[in-house]
Structures are given as structure tokens and as C-alpha cells.
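The values are calculated or read from the model by the stated rules, or taken from the named source; none is laboratory data. What you see is a predicted model; the values in this text were computed from it and never measured. Note that each Cβ is placed from the backbone with ideal geometry, even for glycine, and that neighbours are counted across all protein chains shown. Areas reflect the complete protein model, heavy atoms only, side chains present, ligands, DNA and RNA absent. Shrake-Rupley method; radii C 1.70, N 1.55, O 1.52, S 1.80 Å.
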Amino acid sequence: MKRRNFIALVGGAAAWPLAARAQQPVMPVVGFINLGVADASANRVAAFRKGLSEAGYAEGQNVIVEYHWLEGHYERLPAVLADLVRRRVAVITTSGSAEAALAAKTATATIPIVFGVPEDPVKMGIVASLARPGGNATGINFLP
């Protein structure tokens, strides 16, 4: 093998890891929105992570979760949602807040929304019915 061919082969091989990384699929991003504070919702986050795990997802390995704790600042909700929609995250999840679920539904008709609300989501207009939610939103209703 000529020296020039060897150098070209080695140089090409050195670029393989970069090419392989460049072709890796981007991990899906989940936008997790909670109007409260992180400390008060540790049990919800633990349950959320458990659900991800049961579905085959592990944070940082095959999914990225962006936590948005609004700490009672409802006025930040539109900007957070606009950013998530602009970046076309894979899923938006709202935890324990009818206001956040409604705002998410208003912000996008295409990105899936998973919500948990203490009110009736049908009466609120988040979904068409419990049996057939329709649209891009689904979730659970729980009693406070």
C-alpha cells in the first residue's frame, strides 16, 4: 500500500466517529410544565420518571426532559409554551394544572399534550370526551 493511500485511509477512518455522531438521531424532547415549585412536586416527578422507564425511556439516554417550574408565575406560561412549540418538542406535559393544559392546547394543535388536571377536562374544553379525547390532548382527571 502506498503511503498516500495509507494516509487517506487513516484520515478517512478518523472521520468515521464524527460522521457516525452526525447521523445519530436527535433524542426526543419532552417539555414538562408545572406551575408550582420543584420541591413540592417531587412525588409527581418520580411517578413521571417511573412511567417513562416503564415505557422504555431513560432520561439522558433516549429522551430529554426539560423541566419548567413556573413557581406561581402564570405570566411566564405563554413564553414557555411558545418556545416549546417553536422548537417542535416531541410532547408537552402539564402536571396538575388546568390552566397549563388549556394554555398548551391553545398554543399547539399538532404537538401531543399529556395533562393531569383536578377538574373535568371535557367541561373545560381540553378534550371532546373522556373515551375519545380527539385532537392532540389526552390525560387524566384526578380528584384533589
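In the set VAL114, VAL65, VAL80, which member is assigned to a helix (DSSP H, G or I), under 15 Å from the mean Cα position of the chain (by Cα) and either under 13 Å from ILE33 (Cβ atoms) or not aliphatic (A, V, I, L, M) (or both)? I'd like the intermediate steps shown before the answer.
Working: VAL114 fails: assigned to a helix (DSSP H, G or I); VAL65 fails: assigned to a helix (DSSP H, G or I).
Checking each option against the conditions leaves just VAL80.
Is it the case that VAL63 is of a type in the set (Val, Ile, Thr) and modelled with pLDDT under 95? Here the answer is no, as VAL63 does not meet what is asked.
For the range 132-144, enumerate the residues that are in contact with a Gly (Cβ under 7 Å, 6 or more places away or on another chain) and surrounded by fewer than 13 Cβ atoms within 10 Å (Cβ to Cβ). Scanning the range 132-144 gives ILE140, PHE142. Of the residues in the range 85-94, none is open to solvent by less than 10 Å² (accessible area, probe 1.4 Å), within 18 Å of ASN136 (Cβ to Cβ) and over 12 Å from the mean Cα position of the chain (by Cα). GLY72 meets the conditions (1) within 16 Å of GLY96 (Cβ to Cβ); (2) part of a helix (DSSP H, G or I); (3) modelled with pLDDT of 90 or more in every case but one. The failed one is (2).
Taking the range 103-126 as the search range and keeping residues that are under 22 Å from ALA40 (Cβ atoms) and hydrophobic (A, V, I, L, M, F, W, C), which one is most open to solvent (accessible area, probe 1.4 Å)?
Going residue by residue through the range 103-126, those that are under 22 Å from ALA40 (Cβ atoms) are 103-104, 114-119.
Cutting the leftovers down to hydrophobic (A, V, I, L, M, F, W, C) gives us 103-104, 114-115, 117.
Working: ALA103: 30, ALA104: 0, VAL114: 61, PHE115: 11, VAL117: 0 Å².
Filtering first and then ranking leaves VAL114.
Would you call SER129 in contact with a helix residue (DSSP H, G or I) (Cβ under 7 Å, 6 or more places away or on another chain) and either open to solvent by 40 Å² or more (accessible area, probe 1.4 Å) or of a type in the set (Ser, Thr, Tyr) (or both)?
Values: in contact with a helix residue (DSSP H, G or I) (Cβ under 7 Å, 6 or more places away or on another chain): yes; either open to solvent by 40 Å² or more (accessible area, probe 1.4 Å) or of a type in the set (Ser, Thr, Tyr) (or both): yes.
Yes; evaluated as a whole, the condition is true for this residue.
Given the condition open to solvent by 80 Å² or more (accessible area, probe 1.4 Å), within 26 Å of VAL26 (Cα to Cα), without any contact (Cβ under 8 Å) to a residue 12 or more places away in the chain and hydroxyl-bearing (Ser, Thr, Tyr), answer yes or no: does some residue in the range 57-67 qualify? Scanning the range 57-67, I find at least one residue that is open to solvent by 80 Å² or more (accessible area, probe 1.4 Å), within 26 Å of VAL26 (Cα to Cα), without any contact (Cβ under 8 Å) to a residue 12 or more places away in the chain and hydroxyl-bearing (Ser, Thr, Tyr), so the answer is yes. Quick check on ARG44: is it under 18 Å from ALA101 (Cβ atoms), touching a strand residue (DSSP E or B) at 6+ places or on another chain (Cβ under 9 Å), at pLDDT 95 or above and assigned to a helix (DSSP H, G or I)? Taking the combined requirement at face value, the residue does not satisfy it.
Looking only at the range 117-144, count how many residues are of a type in the set (A, V, I, L, M), assigned to a loop (DSSP other than H, G, I, E, B) and under 15 Å from ALA103 (Cα atoms). Walk me through how you get there before you give the answer.
From the range 117-144, those of a type in the set (A, V, I, L, M) are 117, 122, 124, 126-128, 130-131, 137, 140, 143; that's our starting set.
Now restrict to residues that are assigned to a loop (DSSP other than H, G, I, E, B): 126-128, 130-131, 143.
The next check asks that each one be under 15 Å from ALA103 (Cα atoms); those that pass are 126-127.
So the count comes out to 2.
Inclusion of ALA100 among residues that are open to solvent by less than 20 Å² (accessible area, probe 1.4 Å) and not charged (D, E, K, R) is warranted. Criterion first (on the phi > 0 side of the Ramachandran plot and at pLDDT below 95) does GLY51 satisfy it? So GLY51 does not fit the description; no.
Taking the criterion of being closer than 15 Å to VAL91 by Cβ and small (Gly, Ala, Ser), the residues of the range 115-141 that qualify are GLY116, GLY135, ALA137, GLY139.
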